[in-house]
1. For residues in the range A:182-193 being surrounded by fewer than 16 Cβ atoms within 10 Å (Cβ to Cβ) and more than 7 Å from chain B (Cβ to nearest Cβ), which is nearest to A:Ala153 (Cα to Cα)?
2. Given the residues B:Val89, B:Val24, which is the only one that is at pLDDT 90 or above and either touching an Asp or Glu at 6+ places or on another chain (Cβ under 8 Å) or closer than 26 Å to B:Asp114 by Cβ (or both)?
3. How many of the residues in the range B:149-190 are touching a strand residue (DSSP E or B) at 6+ places or on another chain (Cβ under 9 Å), open to solvent by 10 Å² or more (accessible area, probe 1.4 Å) and within 16 Å of ligand 2 (Cβ to nearest atom)?
4. Within the range B:160-180, identify whether any single residue is away from ligand 1 (no atom under 15 Å from the Cβ) and farther than 29 Å from B:Ile414 by Cβ, and answer yes or no.
5. I'm trying to understand the selection: among the residues of the range B:107-136, which are open to solvent by 10 Å² or more (accessible area, probe 1.4 Å) and within 24 Å of A:Lys180 (Cα to Cα)?
6. For the range B:198-220, give me the residue count where each residue is away from ligand 2 (no atom under 16 Å from the Cβ) and open to solvent by 10 Å² or more (accessible area, probe 1.4 Å).
7. Select, from B:Leu471, B:Leu445, the only residue that is within 16 Å of ligand 1 (Cβ to nearest atom) and either under 21 Å from B:Val171 (Cβ atoms) or not in a helix (DSSP H, G or I) (or both).
8. Regarding B:Gly402, is this residue free of Cβ contacts under 8 Å to residues at least 40 places away in the same chain and crowded, with 21+ Cβ neighbours inside 10 Å?
Amino acid sequence: MAGDPTLIGRVTRSSTLGFVGALKSPEPEIPVFGMFCKCEAQRGKSDVLGVIYNINIEDDDLTRQIAAAERPTEEELADQQYVRQIPIEFEALAVGYRLTEAYFYTLPPQPPLALAPIRPMKSDEIVQFTNQFEFIPLILSASNLPVDALLAACLRKASVARPRQERQNFLLEAGRYCAKLLSHDLPRMDSFLRILCFEEKSAI
Amino acid sequence: MSEESTLDEFLGPKLTNTQMGIVVGGSLSSGLEVKINSKLSIERLAVGRYVVVEGRSGRRFFGLITDISLGSINPDMQRRPPDSSEEFVTQVYSSEVAFGSIHVSPMLMIDEDDDELRPIKTIPTHFSPVVEASAADVARVFGEEDETHFYVGTPLEMETVQVNLDLSRFVERSSGIFGKSGTGKSFITRTVLSGVIKSRLASALIFDMHNDYGWSVRDETGREFKGLRQLFTDGRVSVVTLDEDTSRARGSKIDRVLKIGYGQIQPEDVEMLSGLLGLSDVQVGALYYLRRRLGKDWISKLLQEDDSSELQGLLEDGRIIAGTLGAIQRKFEFFRRMDFLVPGEGDDALEDIFRRLTSGTSVVLEFGRFGDTLAAYVLVANYLTRRIHRRYVHMKNKAAGGKEEQPKPLVIVIEEAHKFLDPTIASHTIFGNIARELRKYNVTLLIVDQRPSAIDDEVMSQIGTRVTCLLDNEADIRAVFSGVSGVSALREVLARLDTRQQAIILGHAVPMPVVVRTRDYDENFYASIGVLEGNALRDGAIQGSETLFGD
Ligand SMILES: Nc1ncnc2c1ncn2[C@@H]1O[C@H](COP(=O)(O)OP(=O)(O)O)[C@@H](O)[C@H]1O
Ligand SMILES: [Mg+2]
């Protein structure tokens, strides 16, 4: 992917609920948990927007052998960690889509096609998209995912995409929005807010 | 002009920037629940303030905040409060999950297409926005001060707005001024009476127990306040005293002294004192017998020191026993101590007072030192009121026959009113009758009392306008609101009034209930009544001379 620095991977599997991307070797910054990314769909007419909720590194026989060896050499380590045969996979949850210039806070009409390029969303795009909080229910309602941690990580990303003086207020308003959705489950809300509170302190 | 702009003209521009919250529930009978905007601190609110609910149909509803509470989406929150040491967490909680709410009692509504104030017949829909009522909104409801509308105070935290009492409605039915001792009842009464006298809508007969109304009064700090006789120097107020010495010592101007002759007192007058003098039923019954047998001079005869043969004769008849007679004589010693009671026939004071009242002069009856003797107060108030009322009835009946003019409306002011109107006697006393017959004979009461719960319910239900200062006894609070629908929520407000110079006014003479800070009774007030003093007087004189000698 050296040719296109903005690319973080290509779609290997997808559905309207989300997509799975693969890349050969991770950069220190990408992909990361909670990151906003986008992926072309409908022949470039729209972008499906997703947040990364899982990153998978699978093993193969060789990896297991090296891991079992007394002392892997530097070369062996580098080879296993950065130039893998088996690609690194990441999974993203669809949280909305962009059609022409507008953002929509619901599942996309069509999933991206296989091998569609996946790119991180730029700061201004993140700011614009997260100016409304309607993506939050899509995250919270996903089943079998660590949704609370995911949501907190997303909100942190969305806050740091903003100028420093706006971050606290953004997290507060987002927190209130979440609180309304979680108010039926106070223990859960407490632990979620504790994570978010930590994010709030570190973001500012 | 569009409907919208008429409305705006009526209530002033809409104040979206002070939106307080939205209606989330409630009912016509119990009032509205309003969830308040998270940006607004409920610590800044206060019961007794007005709000306007902007109904979805364009109707606007005027209401009063009657309660303030803390709500939450999840009732479990009270058992699992968030970690309050984390500012961020409490901030998140306190908007959507934990919020303030207010209870609003709707009072009036204003239709979209006219500017009539209407009584509440329905309530605004869910989620109607609620804004703070602006001064202009409130001022428009209470109207302008004019000849028959008298400025008595300002709504809470709206010093620029005048609450004007509709005096013609105020005197049309009996009214009450209630409150604990020291809350400002006498000051409000004096203020309102100034308005009534100034408007010439009615004459007042004031039974002035504590010498509060006629001439100057001092408060506990020694500050002096003018009495009605000093505010109206044109003869519209007369002071009649029962205690000339005290009145003179106070420097009070006196228009006449009232003496009541023993011969003028009827058994009915004494019967009213039975509780206070401790007369038993048998003894009360004996009074009538004694009057019949002894004639006009019955009291003098009963007070004679030496045993007269006439009394002896009564006992021999066997209609009365010596014990009863002796007890009555002992209890009648009270009359001897009351210097305003004199042997003989008395004078024409009653006729004189009646004449003054019907010609539009108000009369302050000063009790002087006798004000401390409740029996004296009850005796005189009953004595005069029964006779004056009888004359009014007579005059009114004649007027109905076209033979005479309508009598000038009369307002009779009594303090410690529960002594005249308690449930055991209200049904057969003159004051009970006056309260019940409404204004049939152009006579109404203004009762001033600190224990409204002790007043007969039926009488209370006839009270048209109620001005109530702080009351803290639950029964008294209940009594004040009895018979008025839709205001029970005001209890919370009433129990939290300041200890002085704050009152709730509700009923006949105001378009909607209002919590007021009562008007200061001071130089400005005197000036508004037309009294000029000191510099103002001199300036006035100079101005007068200028016009006299100017071009
Ligand atoms: N409108 C007012 N203007 C000035 N002072 C007032 C006013 N109302 C009450 N006060 C103060 O409060 C005190 C008590 O008022 P008062 O009318 O005598 O109470 P109450 O008759 O209820 O016992 C007065 O002596 C006066 O100092
Ligand atoms: Mg008093």
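The values are calculated or read from the model by the stated rules, or taken from the named source; none is laboratory data. Since this is a predicted model, take the numbers as computed values, not measurements. Heads up, the Cβs are rebuilt from the backbone with ideal geometry, glycines too, and the neighbour counts pull from every protein chain shown. Ligands, DNA and RNA are excluded from the accessible area calculation, which covers all protein heavy atoms including side chains. Shrake-Rupley method; radii C 1.70, N 1.55, O 1.52, S 1.80 Å.
1. Among those that are surrounded by fewer than 16 Cβ atoms within 10 Å (Cβ to Cβ) and more than 7 Å from chain B (Cβ to nearest Cβ), it is A:Ser191.
2. Exactly one of B:Val89, B:Val24 is at pLDDT 90 or above and either touching an Asp or Glu at 6+ places or on another chain (Cβ under 8 Å) or closer than 26 Å to B:Asp114 by Cβ (or both), namely B:Val24.
3. Residues that pass the stated criteria total 5.
4. yes
5. Within the range B:107-136, B:Thr125, B:His126, B:Phe127, B:Pro129 qualify.
6. Looking only at that region, the number is 4.
7. After ruling out the rest, the residue left standing is B:Leu471.
8. So B:Gly402 fails the test.
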